[in-house]
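The values are calculated or read from the model by the stated rules, or taken from the named source; none is laboratory data. Computed from a predicted model, the values in this text were never measured in an experiment. Cβ: placed from backbone, ideal geometry, glycine included. Neighbour counts: every protein chain shown.
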Amino acid sequence: MSGTLAVRGVTKRFGGLVAVDDVSFDVHEGEIKAVIGPNGAGKTTLFNVLTGFDTPDAGSATYAGQELLGSRPDRVVRRGVARTFQNTRLFEEMTAHENVMVGTHARTSSGFTSAALRLPRAFREERLASEEADRLLRLVGLAERRDTPAADMPHGLRRLLEIARALATSPKLLLLDEPAAGLNATETAGLADVLYRIRDHGVTIVVVEHDMGLVMQVSDEIVVLDRGAKIAEGPPRLIQKDPAVIKAYLGEEDLDD
Amino acid sequence: MGRAALLRYVPGAVVALFFAALPLLATGSDARYVLKVFTFVGVNALVVLGLALLFGYAGQVSLGHAAFFGLGAYTSAYLTTRLELPWIIGLLAAVLVTAIGGMLLALPSLRLKGHYLAMATLGFGEIMHVAFVEASGITGGPDGFSRIPLAALGGFVFESPQAKYWLVWGAVAVGFIIAGNIVSGRPGRSMLALHGSEQGAVASGVDITGLKVRVFTASAVYAGVAGCLYAHVVGFISPSSFTLHNSVIFVAMAVLGGGRSLAGPVAAALILTLAGFADAVFPGLSRETLAVIQDWQADLYGLIIISVMLLAPAGFAGLYRAGLRSVGVKL
């Protein structure tokens, strides 16, 4: 399949702990898929493995037929798979616009020499990248903060800025690690709109999220992890009723009540 | 031109004009000496421009830049003095050798950060210093090289103090423009990103391994060219000019100058270099006063550095930006 992310048997161990245990699932083109699970379920580790920030112990993950696992993270980005972080990794002293400009790095090419000599190609590329960054800032609603340093932006806007930066890499697949963490209700509603807008631009989204309201609202499909293993997969209405999921979230005692 | 644009470009133009015209302004009995001192300022400025790229933009520390300075000087001195090759060959060889050296030094930087990287580069500097002393067959040992031929280009020999001054400051101007173009474009942005967050940079598709190698290489070449110019301007080099002390002074200039700036570090190079030659700025200074200043030079440096770090931790560049902001210029 062209735009499918196929995760197969991905396993990651840290010493004796199996952080991700033989996880398999598919994400189809144009879908919003959520990965949920209690704390320590291995969601972020799974993201790290998929994006090259961690090496897996077993398994494969292909996107559009190309293997992602074992590649360096910057090469994964060049294959059209971008991510954000649970704790934002912004360039604090750079403005919002500059942060997003860095994201265009993957698809621009002017290096030290062409920049040093101010070749017309480098100049043109810079102008296009700058326009693209402005477009993406508008897309996530940060146009007015264009020249604000990342360090001076409130938490909710920082998350949107990181999404804009990830979009600047021109991804086909976007992995968002807890984009709603720390957002208030209004901001979360705004985030849902942004996610739809991104999806409508043809970007497939995988989102790790704890905010169940957001997850149930936006996702087409949900994968549930518990202690590293996949315990359920399906559309939101079925996941909500799944006994294994309820057990994982509420604990065994609660079920006995 | 708007006021903001005026404030942004006019100071630079005035400074450039001043340095270009200095040989014409400096007249009288002290002129030769003043020009010589300002030629040293230019040599240091060139090294510090490279360090500004590495440290001020990419956030990578090097306590071994005197080694590149020396590598450039020795490479060119050997080729022109022993093998009697033309100066331009010496210069090109200095560029090549220091570029390779920069790539090699980049290797530890791929794995090490912060203090650990500083230690590794310090080790590199010490190794090179020992090599300059011990490889006496090539370097002339502790005595170094003397009678290094003057720089010459197409029959023109850079012999007068004016010619030497213009040669060095011409190189500074070219180096400044090249560095300015690099930092204002895509590579500069990725360097700042690397400084800001390595993971963020990687997630944006920046090949940080390749970037670190390129920045270290570019930075080493700046020091190498400066070393070559130094050797052919002074005509004599010895290992004592390429010690840890020199490396530390270069870093001090870069820190004093401030991050994300090229002009700041050059200004710092000017002030710290002149601090050692106060009589070039104040011609009336008595010999006794000068001797006192030179005896206390290291302390003077320390004092300047501590004061600036206390009063203006963002360095000269930070002070300048704060000044612009206070008169209402939006940066």
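Hey, does the stretch B:91-99 have a residue that's in contact with a Phe, Trp or Tyr (Cβ under 7 Å, 6 or more places away or on another chain), surrounded by fewer than 22 Cβ atoms within 10 Å (Cβ to Cβ) and at negative phi? So that I can check it myself, show each step before the final result.
So in the stretch B:91-99, the residues in contact with a Phe, Trp or Tyr (Cβ under 7 Å, 6 or more places away or on another chain) come out as B:98.
Filter once more, keeping what is surrounded by fewer than 22 Cβ atoms within 10 Å (Cβ to Cβ): none.
Scanning the stretch B:91-99 turns up no residue that is in contact with a Phe, Trp or Tyr (Cβ under 7 Å, 6 or more places away or on another chain), surrounded by fewer than 22 Cβ atoms within 10 Å (Cβ to Cβ) and at negative phi.
Tell me yes or no: at least one residue of the stretch B:223-232 is surrounded by fewer than 22 Cβ atoms within 10 Å (Cβ to Cβ) and aliphatic (A, V, I, L, M).
Among the residues of the stretch B:223-232, not one is surrounded by fewer than 22 Cβ atoms within 10 Å (Cβ to Cβ) and aliphatic (A, V, I, L, M), which makes the answer no.
Right, B:Val172: aliphatic (A, V, I, L, M) and free of Cβ contacts under 8 Å to residues at least 40 places away in the same chain or not? No: the conditions fail for B:Val172.
Reported count of residues in the stretch B:184-200, each being more than 7 Å from every other protein chain (Cβ to nearest Cβ) and buried (at least 24 other Cβ atoms within 10 Å of the Cβ), is 1.
Sub-8 Å Cβ pairs linking a first residue in the stretch A:117-138 that is within 30 Å of A:Leu191 (Cβ to Cβ) and within 13 Å of chain B (Cβ to nearest Cβ) to a second residue that is of a type in the set (Lys, Arg) and surrounded by 14 or more Cβ atoms within 10 Å (Cβ to Cβ), at least 6 apart or interchain, are A:Ala129/B:Arg186, ordered by first then second residue. Kindly indicate whether B:Ile138 is surrounded by fewer than 22 Cβ atoms within 10 Å (Cβ to Cβ), modelled with pLDDT under 95 and β-branched (Val, Ile, Thr). Judged against the criteria, B:Ile138 is a match.
Of A:Ala106, A:Ala61, A:Ala82, all but one fail to be of a type in the set (A, V, I, L, M, F, W, C), away from every other protein chain (no Cβ under 12 Å) and under 17 Å from the mean Cα position of the chain (by Cα); the exception is A:Ala61.
Inside the stretch A:161-242, counting only helices (runs of 4 or more DSSP H) that do not spill past its ends, which hold 3 or more residues that are within 25 Å of A:Glu144 (Cβ to Cβ) and of a type in the set (Gly, Ala, Ser)?
Numbers: elements: A:185-200, A:212-218, A:236-239.
Answer list for the stretch A:161-242: A:185-200.
Considering only residues in the stretch B:275-331 that are touching a Gly at 6+ places or on another chain (Cβ under 6 Å), hydrophobic (A, V, I, L, M, F, W, C) and part of a helix (DSSP H, G or I), the one that is farthest from B:Arg260 (Cα to Cα) turns out to be B:Phe316.
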